[in-house]
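A quick write-up on the structure given underneath.
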Amino acid sequence: MSASSEKYEAVIGLEVHAQLLTRSKIFCGCSTEFGAPPNTHVCPVCCGMPGVLPVFNRRVLELAIRMGLAAHCTIAPRSIFDRKNYFYPDLPKGYQISQYETPLCKGGYIELPGDGDNGGPTRIRLVRIHLEEDAGKNIHAPDCSLVDFNRSGVPLTEIVSEPDIRTPEQAGAYLRELRSMLRYLEVSDGNMEEGSFRCDANVSVRPRGSDSLGVKTEVKNMNSFRHVEHAIAYEIERQIELLEAGERVVQETRLWDPDRGVTRPMRSKEYAHDYRYFPEPDLPPLIVPPDLVEQIRIAMPELPAARRARYTSEMGLTPYEANVLTQEREIADYFEAVLPGLKNRKAAANWVMTEVLRVVNESGRGVAQSVPAPAEVGSLLKMVEDGAISLNAAKTAFAAMCKSGKNAKATVSELGLLQVSDEAAIAAACDEVICAEPAKVAEYRGGRDKLFGFFVGQVMKAMGGKANPKIINEVLRRKLAAS
Ligand SMILES: [Zn+2]
């Protein structure tokens, strides 16, 4: 951090658009499937033809309420759709149906995981979560511009945070938590590359300790968590440099250019009154019966924050371990299914964080398609606990199981990985080594403790690397001590 950045603090608020996991669009029956040929999932409603009427997809309501409850929001019993008017080629109606003054969800907060260093979790308050329809997509070819309306009318929630975020890293942590929650809840797939999880950042800076807000810019076009963090960091530095040079920050929308690593101006920021919001006359108010909210509340899954708390308090995992294991529900479920019958939960956590996650990430496929069933990993780890195989042998077996799909017992015996724990056999090997190395034995007994490792290695070698190291240690210590 430069000296001038010490003088300032950043104030960051994030707006996230998450596509809801419905099969059909928000106001018509067209499919929401990603990747279809352009303009094949369209109808007069989502193309904004005159005389058509929108019909609200109730599934959208359920999904949005689920997210609202998870984020501790107040669910409005009555909310209203509004028209947000603007002209753009990807918006054939000339307005977007959204929610303005009376959104579905108000208030609430997202709890960020603590990493153990900065203490407990941090709460980022939310302003609101509202519903809206997506616009189409402009495609700019060299000599013309094209519009694809497949995305037009796809249901979105917009999740708006208070400007509670202070650093780019915190913005990244907030987005990861939000995405993780949406995926746990099966509200959105959170896929940034396919545009079903998009983020705009409002960034301003002010002298540290000040209560007033500086002039903010809105940064768009960030397609990964890393882009968001880089773009915000760049924007903070840019604004500080302007202020330090005695210039002003201009309120505007800026685009992140990932190739050059800079933000550049796109257009001057619209104010709300530019959109001439008014209530959508073609849709009735959105009424949410209290028993619907209760029904949804009862069916909520355990969320990442609750799981993290359980892993640290009940299992003694570190906040870092709990965070890694709970980011994806699939991984957390897998981890818990490995545990039955195991004493050492820390070892199981380590195994899932390293071996399992590595294979899953390298394969680019789902957990079920890339690693053995959790019970098989459990049985492998049980063999380690019981001293039947070494940790290294377990790694060899696991790699083989990922390829062959065979179970743990069969793999361990096929590869001959079982450890010799027979004390008599180990004692015989120890005697041989001690007889063969009289000089080293004398040195050891004369006080060169470091030689102990040498003897362990020799015995292990004599036994083809398959002896139980714990037993070798015990027997060797006894035999070497006796002179
Ligand atoms: Zn349609």
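The values are calculated or read from the model by the stated rules, or taken from the named source; none is laboratory data. This one's a predicted model, so the numbers in the text were calculated from it and none came from an experiment. With ideal geometry, Cβ positions are generated from the backbone for all residues, glycine too; neighbour counts draw on all protein chains shown.
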- prompt: Of these, Ile471, Ile434, which one is surrounded by 15 or more Cβ atoms within 10 Å (Cβ to Cβ), at pLDDT below 90 and in a helix (DSSP H, G or I)?
  reply: Ile471
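This table checks each residue for (1) within 11 Å of the ligand (Cβ to nearest atom); (2) not hydroxyl-bearing (Ser, Thr, Tyr).
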| site | (1), (2) |
| --- | --- |
| Ala10 | no, yes |
| Gly13 | no, yes |
| Thr22 | no, no |
| Ser31 | yes, no |
| Val45 | yes, yes |
- line: Scanning the stretch 171-213 for residues that are hydroxyl-bearing (Ser, Thr, Tyr) and within 16 Å of the chain's Cα centre (by Cα), the one farthest from Leu69 (Cα to Cα) turns out to be Ser196
- line: Among (1) within 30 Å of Val360 (Cβ to Cβ); (2) at pLDDT below 90, Val420 falls short only on (1)
message: Can you report the number of residues in the stretch 57-83 which are assigned to a loop (DSSP other than H, G, I, E, B) and within 16 Å of the ligand (Cβ to nearest atom)?
response: 1
field: Exclusive hit being of a type outside the set (D, E, K, R) and more than 16 Å from Ile65 (Cα to Cα), set Ile159, Ile97
entry: Ile97
field: Boolean, Pro54 is more than 9 Å from the ligand (Cβ to nearest atom) and either outside the structural domain of Pro284 (by TED's automatic domain parsing) or assigned to a loop (DSSP other than H, G, I, E, B) (or both)
entry: yes
task: Kindly indicate whether Tyr86 is more than 16 Å from the ligand (Cβ to nearest atom), surrounded by fewer than 17 Cβ atoms within 10 Å (Cβ to Cβ) and more than 32 Å from the chain's Cα centre (by Cα).
output: yes
task: Exactly one condition in (1) touching a strand residue (DSSP E or B) at 6+ places or on another chain (Cβ under 8 Å); (2) farther than 20 Å from Gln327 by Cα is not met by Glu237; state its number.
output: (1)
- request: Confirm whether Tyr109 is in the same structural domain as Ile12 (by TED's automatic domain parsing), more than 16 Å from the ligand (Cβ to nearest atom), of a type in the set (Ser, Thr, Tyr) and at pLDDT 95 or above.
  value: yes
Considering residues of the stretch 344-361 that are polar (S, T, N, Q) and in a helix (DSSP H, G or I) only, the residue surrounded by the fewest Cβ atoms within 10 Å (Cβ to Cβ): Asn361
Where a residue in the stretch 136-158 is on the phi > 0 side of the Ramachandran plot and its partner, wherever it lies, is among the aromatic types (Phe, Trp, Tyr), with Cβ under 6 Å and at least six apart: Gly153/Phe27
